[in-house]
Amino acid sequence: MYQDETLTCRDCGAEFVFSASEQAFFAEKGFQNKPSRCPACRAARRAQNGNGAAPRQMFEVICDGCGCTTQVPFQPRGDKPVYCRNCFEAQRQSRY
C-alpha cells in the first residue's frame, strides 16, 4: 500500500527517504503531515529543545535510617521520615 518516498529537509535541504514502514507508522498514529525534517535535523532539534524535560531539582537531606547524606527529588516537610535509596528499599521490603 505504501511506497518509499523521497522528501527534502526544510532545515538543511538534504533529501531523505520516508520509508513505507514509517508511512504506515504515521498513518497508525493518525499523523496527517509528512515529516518536514530529515532524521538528523529532527534529532538535533530534539536535543536543542531538551525533549521538553527540565532538569529535576534535588534536595540534600540526612537519611532517617542510617544517617548518611543523600538527595531526594522532593522538598521534605519534616513530618515524615526521609530515607536514602537503600533504607527506603529495606523499609519497603519489610512492609510487604
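The values are calculated or read from the model by the stated rules, or taken from the named source; none is laboratory data. Since we're looking at a predicted model, the values are computed, not measured. Neighbour counts run over all protein chains shown; Cβ positions are idealised from the backbone, glycine included. Ligands, DNA and RNA are excluded from the accessible area calculation, which covers all protein heavy atoms including side chains. Shrake-Rupley method; radii C 1.70, N 1.55, O 1.52, S 1.80 Å.
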Between the range 1-67 and the range 70-96, the alpha-carbon center distance in angstrom: 35
By average C-beta atoms within 10 angstrom, highest first, the peptides 73-79, 2-8: 2-8, 73-79
12 Å beta-carbon shell around CYS84, net charge (K/R +1, D/E -1): -2
Within the accessible area of the range 19-88 (1.4 Å probe), percent carbon and sulfur: 50
The chain - charge dipole about Cα centre, Lys and Arg +1 at Cβ, Asp and Glu -1, debye rounded to 20: 300
Listed residue (PHE31, PHE74, ALA14) projecting farthest to the positive dipole end of the chain, Cβ model: PHE74
Full-stretch length increase - ARG46, GLU28 - with 0.36 nm per residue and alpha-carbon distance subtracted: 4.2 nm
Most mobile of GLN23, GLN32, GLN57 in a GNM of the chain (Cα contacts under 10 Å): GLN32
The chain: most fluctuating residue of PRO55, PRO81, PRO35 per GNM, C-alpha cutoff 10 Å: PRO81
Rg/Rh ratio calculated on Cα atoms of the range 19-69 (Kirkwood radius): 1.38
The range 36-96, relative contact order in percent, only Cα pairs under 8 angstrom and at least six apart counted: 24
